[in-house]
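Presented below is the structure to which this report refers.
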Amino acid sequence: MCRTLLLALPLLAVGLPGTAADPVADKEKKEKGSSGDLPPAAGATSDVESVERALAARKEYEASLRKLREHYEKVGDKQRLKWAEDELMGFHMMFKPSYNLDVQDVPPPGLEAKVNVREANDLFKAAMGYKDKGLGGDYTLNQRRAEILLREVLEKYPNSDKIADVAYQLADLYEGRAYKQYDRAARYYERSFQWMKGSRTDARLKAAVLYDRQLNERTKAIELYRGVVEHDTDPDRIKTAEKRLAELTGGKK
């Protein structure tokens with residue numbers, strides 16, 4: 001059942017791992033800047049063209065497999081249909097890193113979560129029905145399916161009032177054992193608190209911990225820990241941030 005549903009998910013124009021960059025989103029990023037984002041990887045100024053080509057190739061490869069699957073299903077060729085489904089499933093399951101997040105992956109920080117969109121709500125509910133469900137291979141499949149549905153919300157309904165929640169759940173996915181993509185997770189935690197104005201989220205602290213413990217970005221971690229102290233209202237989160245700040249700065253505020 002999971003296999004059939006995953007294969008049946010639509011191919012999105014942008015935003016999925018393995019899809020091409022969105023020129024509109026890229027333009028927004030250039031206009032608004034990338035404040036609060038990870039610094040580019042070493043040599044990132046020279047990897048953009050290659051990353052874009054790799055992403056476009058992934059997109060074309062997936063689209064070709066879908067067309068083959070549809071063709072063999074239509075003509076009733078069961079053997080070749082199974083081959084196409086197996087290869088497409090392999091594509092969904094393989095690890096597809098974001099080599100350069102600024103090329104493709106994360107929407108800009110200036111989005112506003114302000115409109116209640118029924119279709120976005122339905123996609124979010126469907127994603128949460130699969131996230132963290134199952135064991136073994138079924139668990140991984142469900143994580144992939146949840147990711148696709150969550151990213152569809154951001155791609156189709158960027159003004160939905162659910163985008164901050166979507167970003168938080170994507171961050172949690174990318175931090176988890178099915179992905180372990182900590183740079184991606186940190187960026188989406190940042191987007192979550194940037195899109196959700198106020199202090200009713202632990203996303204800022206989670207981002208700080210990832211920059212601190214996983215990504216070794218001390219300066220960024222200190223900035224975010226200070227943000228927790230300044231903006232948060234949860235005593236436990238503030239205490240955690242203050243303690244780690246003291247450790248990182250030698251007690252300097």
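Projected label points at VAL115 and ALA246, each 7 Å from Cα along the beta carbon direction, are separated by 4.8 nanometres.
What FRET efficiency would be calculated for the residue pair GLU60, LEU135, taking the C-beta separation as r and a Förster radius of 35 Å, to the nearest 0.05?
0.55
With a Förster radius of 41 Å applied to the beta-carbon distance between ASP234 and PHE95, the computed FRET efficiency rounds to 0.75.
Work out, step by step, the length gained on full extension between ASP122 and HIS71: first 0.36 nm times the residue separation, then minus their alpha carbon distance; give nm to one decimal. Intermediate results must be reported in sequence, preceding the final value.
Values: separation 51, 0.36 × 51 = 18.36 nm, distance 3.00 nm.
Between ASP122 and HIS71, full extension yields 15.4 nm more.
What residues from segment 79-95 fall in the zone where the backbone N is under 13 Å from a label point 7 Å along the Cα-to-C-beta line of LYS180? Backbone N within reach: 95.
The modelled label-to-label distance for the pair LYS78/VAL48, using points 7 Å beyond Cα in the direction of Cβ, is 5.2 nm.
Only the coordinates and a few stated rules stand behind these numbers; no lab work does. These numbers come from a predicted model, not from an experiment. Positions of Cβ are generated from backbone atoms using ideal geometry, with glycine treated the same way; all protein chains shown enter the neighbour counts.
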